[in-house]
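Take a look at the structure below.
Quick note: the coordinates plus some simple rules give every number you see, no bench work behind them. Remember, predicted model here, so these are calculated numbers, not experimental data. A quick note on method: Cβ atoms are made from the backbone with ideal geometry, for glycine too, and the neighbour counts reach across all protein chains shown.
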Amino acid sequence: MKEKLAKLIDVKSIMTLVLTGGFVCLTCTGEISGQEYLTIFTMIVGFYFGTQAQKKKDG
């Protein structure tokens, strides 16, 4: 359990969560459209999971 929590506190994980929260707020307030949100969110999540998969492959 502690190991999973330690991985969650990784810098990339924190940045992903913060950016996701920020873009959700911007979408809810109407600053950006849902389509823009989807594009940005897909890129962020794709990058995050891509780097996680690469870590597992290398490690």
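Taking the criterion of being surrounded by 13 or more Cβ atoms within 10 Å (Cβ to Cβ) and in a helix (DSSP H, G or I), the residues of region 18-37 that qualify are 19, 20, 23, 26, 27, 36, 37. For region 7-40, which residues satisfy the criterion of being among the hydrophobic types (A, V, I, L, M, F, W, C), more than 20 Å from residue 51 (Cα to Cα) and touching a helix residue (DSSP H, G or I) at 6+ places or on another chain (Cβ under 6 Å)? Selection gives 23, 32.
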